[in-house]
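Here's the structure, in structure tokens; my notes come after.
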Amino acid sequence: MSEKKIRVSTEDAPAAIGPYSQAVRVGEMLYCSGQVALDPTTGQLVSGGVAEQTVRVLENIKAVLAGAGLELADVVKTTVFLKSMGDFAAMNAVYERYLAPQGVVPPARSTVAVAALPKDALVEIEVVAKA
């Protein structure tokens, strides 16, 4: 018997704008859709550079995780999409504060440069977490 797929959704993160879920839980695993730096109240991209956008992205992810009863320390894998690898250091500094603070095992990660992101964002991050 296969485990049931359960949609996770919260108003504290941007609503899905297409045929996808903010996250899907299967057993102990939570698969979160990629988040860009949309303000959940306005639906608009936050102003600023990649550091400001990374903060908003990770706050959105934090909200989706909370909607499933999880937190950032439960993240086991991330994929980071950058519009420019020149933004890696600035993104990484914010990422470290959220996902690799002292005493927390950092998740596995892949980082790739892409030609474009939704809403012309500078960064998008998706995560997988385990309860």
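The values are calculated or read from the model by the stated rules, or taken from the named source; none is laboratory data. Note that the structure is a prediction, hence the values are computed from the model and not measured. When we count neighbours, we look across all protein chains shown, and the Cβ atoms used for this are built from the backbone with ideal geometry, even at glycine.
Numbers for the structure displayed
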{"item": "Residue list for the stretch 17-41, filter: within 19 Å of residue 73 (Cα to Cα) and among the polar types (S, T, N, Q)", "result": "22, 33, 35"}
{"item": "Test: residue in the stretch 20-27 that is polar (S, T, N, Q), assigned to a strand (DSSP E or B) and either within 12 Å of the chain's Cα centre (by Cα) or at pLDDT below 95 (or both)", "result": "no"}
{"item": "Qualifying residue in the stretch 1-10 (condition: touching a residue at least 12 places away in the same chain (Cβ under 8 Å), in a strand (DSSP E or B), out of contact with any Cys (no Cβ under 9 Å at 6 or more places or on another chain) and exposed (fewer than 12 other Cβ atoms within 10 Å of the Cβ))", "result": "yes"}
{"item": "All positions within the stretch 76-121 that are in contact with a strand residue (DSSP E or B) (Cβ under 7 Å, 6 or more places away or on another chain), under 19 Å from residue 59 (Cβ atoms) and in a loop (DSSP other than H, G, I, E, B)", "result": "107, 117, 121"}
{"item": "Those residues of the stretch 28-40 which are surrounded by 15 or more Cβ atoms within 10 Å (Cβ to Cβ) and more than 13 Å from the chain's Cα centre (by Cα), in sequence order", "result": "40"}
{"item": "Hits in the stretch 14-60 (condition: closer than 14 Å to residue 130 by Cα and of a type in the set (A, V, I, L, M))", "result": "23, 24, 26, 29, 30"}
{"item": "Positions within the stretch 73-87 being among the charged types (D, E, K, R) and within 15 Å of residue 109 (Cα to Cα), in sequence order", "result": "74, 77"}
{"item": "Residue list for the stretch 49-75, restricted to those being surrounded by fewer than 23 Cβ atoms within 10 Å (Cβ to Cβ), aliphatic (A, V, I, L, M) and not in a helix (DSSP H, G or I)", "result": "68, 70"}
{"item": "Any hit, the stretch 20-32, residues being within 25 Å of residue 4 (Cβ to Cβ) and aromatic (Phe, Trp, Tyr)", "result": "yes"}
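Residue by residue, here is whether (1) under 15 Å from the mean Cα position of the chain (by Cα); (2) at pLDDT 95 or above; (3) surrounded by 13 or more Cβ atoms within 10 Å (Cβ to Cβ); (4) not acidic (Asp, Glu) holds:
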| site | (1), (2), (3), (4) |
| --- | --- |
| 88 | no, yes, yes, yes |
| 99 | yes, yes, yes, yes |
| 105 | no, yes, no, yes |
| 111 | yes, yes, yes, yes |
| 115 | no, yes, no, yes |
| 123 | yes, yes, yes, yes |
